[in-house]
Amino acid sequence: MIGRLIDGRYQVRSRIARGGMATVYLATDLRLERRVAIKIMHGHLADDNTFKTRFVQEARSAARLAHPNVVNVFDQGQDADMAYLVMEYLPGITLRELLKDYKKLTPEQTVDIMDAVLAGLAAAHKAGIVHRDLKPENVLLADDGRIKLGDFGLARAASANTATGQALLGTIAYLSPELVTRGVADARSDIYAVGIMMYEMLTGEQPYVGEAPMAIAYQHANDQVPTPSSKNPAVPVELDELVLWATNRDPEARPNDAREMLERLREVEPGIRSSHRPLQTQATMVLPGALPAAAATAETRVLGAGAAPVAATATLEASDGDDTEALAKSADRRKRRGYWIIALVLLLTGLAAGTGWYFGAGPGALAPVPETAKLAPAVATDVLEKAGFTVEPAERNDPVIPKGQVSGTDPEGGEQAQRGSTVTLFVSLGPQILPVPEVRGTPSADARTTLKDFTVVEPNVLQFSDDVPADTVIDVLDAEGTSVGAEYPELGELTLVVSAGPIPDVIAMPSADAEAALTQAGLQFDYLDPVFDNSGEIADGSVIAAEPTTEVVRQGDTINLTLSKGQDLVEVPNIVGKSMSEAKAELEKAEFKVSYSLPDLFLDLATVTSSDPPAGEKIVRGSTITIVGQLTL
């Protein structure tokens, strides 16, 4: 699919995600020259009118909404046998990925995200649309800070609230009690899912868990969701009340729609933010005058200690008139030397302080390079420049990061670098397109080694073949399940189709042995009506025929078995004394073949005197009976 041109307009670049109904690709709209996300329905669902109707419904539901917190839908159509949906492309992560990284969120973060989710949902409810599949996977957090609600694949009009035959659409962990018990969904069912999401964001876990989906559904239908503060004491009472209000088992006790819950959230938001604002601590200050006073005291003490001796010496020397000039010069030299020492100390102190500032907080300081992988280039550039670095853009192939997103930096994120230094920002060109080596006809282990530049998924697909030896590669499939072409993206997923040898020969085996042989080979089996084996070669209850149900037989496929009923034995009727024409008719009616020596012209005139085999003996139906007759004149 990568590289294909859809409807003559959308050039597929890379795969973003794969779901149960469709695969989402990053594509370029060649007409408008913009990047878009194109959602293509799986090929095996294209003939299913139910899925196709739901796919078109998603486009119509989302297209009716024009809101900053709802993913925009641009186009919908069909190219050959592919139904597709074109949406705006939002580089970023989902709320589910955020929860995986951070486990639980702060009350402020929860309020910010739920404000956007409820705003988008309120627009849907106002338009008469019920989402019916709210979960963290459908909340998109863009790199530029936008939060949007997507995937309206299960949405339907609010008036059509009875899901006949499909009551449990959506994800079981977020289904409302009425949807579980009665198959009824309206706007209040979406509110219940919002409450479950809030609980999960505040506590890091879902309120109900179980080994089987029905166990979780039972808890939704019969238990009241606990308060988030019972798991996380840091949750404020306002959010406890919101969660309990949204997840009440009685729909009548919940908010009527998302607008009502959004208004309540915004009412309590200021109180939540003020109660969780960190305390402002004042930095320790040096009291004015304290340091100079201490310095003056020390200086006075030093000078005082040396004053008397200096004065005494000066008095003694002054008495000698010849030495007065020498003493004055000596004092001047000492004074100048003292000034130089003070100046040198001040200079060294300044240099030390300047050096410490330069390498500690100034331009020469080391700082960690921010992690920018998967961000949009503009956002990543802003992050790096705010951290004090100069950004130099570059490009490189990356097999994991989608094209157009940042794939990394040099130095790498988390490493230390000098502020003001240049950081190379690499923007992904997407995976490198590589030639696919020919591995058909080679052992599977050798093929995996040869395909080291790609991701060969486990396990192999085993296909039965009479011509290809076991463990030999028959074919290589791409991510769409078709034979891979001559080129494929680096680290793209490939699957090996490997020979499992011939289908086990179960002819003439008793049914139990045949079942065991097929099961051990990974095949299913089914039975057709048993038949007679008049050849006598296949015993009663043994397999007389084994036919595959598919042209290509792979593990998991079904083999139709036909069992023998043994020989079809019939008793030879007593025809002695009857005319040969009557005897012939009776034997043929019993499905025997008849042999005789008289001409047909005399059959009515001859009477049967004996038969071989004789009357009463059991022989295989269809066998030949020889009759002997005598003419009656």
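Which strands (runs of 3 or more DSSP E) does region 456-529 wholly contain that include 2 or more residues that are under 22 Å from Val400 (Cα atoms) and not assigned by TED's automatic domain parsing to the domain that holds Gly19?
Because the criterion is at least 2 residues that are under 22 Å from Val400 (Cα atoms) and not assigned by TED's automatic domain parsing to the domain that holds Gly19, the strands (runs of 3 or more DSSP E) in region 456-529 that meet it are 473-477, 487-489, 493-499.
For region 563-593, give me each residue that is closer than 26 Å to Leu528 by Cα and charged (D, E, K, R). Lay out the reasoning, then the answer.
As a first pass, look at region 563-593 and keep what is closer than 26 Å to Leu528 by Cα: 563-570, 591.
Result: Lys565, Asp568, Glu591.
Among the candidates Ala124, Ala66, single out the residue that is surrounded by fewer than 17 Cβ atoms within 10 Å (Cβ to Cβ) and not assigned by TED's automatic domain parsing to the domain that holds Ala376.
Ala66
Quick one: which of Val130, Val73 is within 28 Å of Pro255 (Cβ to Cβ), buried (at least 16 other Cβ atoms within 10 Å of the Cβ) and not assigned by TED's automatic domain parsing to the domain that holds Val237?
Selected residue: Val73, the only one of Val130, Val73 that is within 28 Å of Pro255 (Cβ to Cβ), buried (at least 16 other Cβ atoms within 10 Å of the Cβ) and not assigned by TED's automatic domain parsing to the domain that holds Val237.
For Trp245, only one of the following conditions fails: (1) surrounded by fewer than 17 Cβ atoms within 10 Å (Cβ to Cβ); (2) part of a loop (DSSP other than H, G, I, E, B); (3) not acidic (Asp, Glu). What is its number?
(2)
Filter region 138-185 for residues that are of a type outside the set (Asp, Glu), modelled with pLDDT of 85 or more and part of a loop (DSSP other than H, G, I, E, B) and give the result.
If the condition is that a residue be of a type outside the set (Asp, Glu), modelled with pLDDT of 85 or more and part of a loop (DSSP other than H, G, I, E, B), then Gly145, Arg146, Leu175, Ser176 are the ones that fit.
So, Val406, is that one surrounded by 16 or more Cβ atoms within 10 Å (Cβ to Cβ) and in contact with a helix residue (DSSP H, G or I) (Cβ under 6 Å, 6 or more places away or on another chain) or not? Working first, answer last.
On the way: surrounded by 16 or more Cβ atoms within 10 Å (Cβ to Cβ): yes; in contact with a helix residue (DSSP H, G or I) (Cβ under 6 Å, 6 or more places away or on another chain): yes.
In short, yes.
Pull up region 7-17, narrow it to residues that are surrounded by 14 or more Cβ atoms within 10 Å (Cβ to Cβ) and more than 17 Å from Lys403 (Cβ to Cβ), then point me to the one that is modelled with the lowest pLDDT. Quick ask: steps written out before the conclusion?
Looking only at region 7-17, we keep the residues that are surrounded by 14 or more Cβ atoms within 10 Å (Cβ to Cβ), and these are 7, 9-16.
Now narrow it down to the ones that are more than 17 Å from Lys403 (Cβ to Cβ): 7, 9.
Details: Asp7: 88, Arg9: 91.
If we take residues in region 7-17 being surrounded by 14 or more Cβ atoms within 10 Å (Cβ to Cβ) and more than 17 Å from Lys403 (Cβ to Cβ), then Asp7 is modelled with the lowest pLDDT.
The values are calculated or read from the model by the stated rules, or taken from the named source; none is laboratory data. The model shown is predicted, which means the values in this text are computed figures rather than measured ones. When we count neighbours, we look across all protein chains shown, and the Cβ atoms used for this are built from the backbone with ideal geometry, even at glycine.
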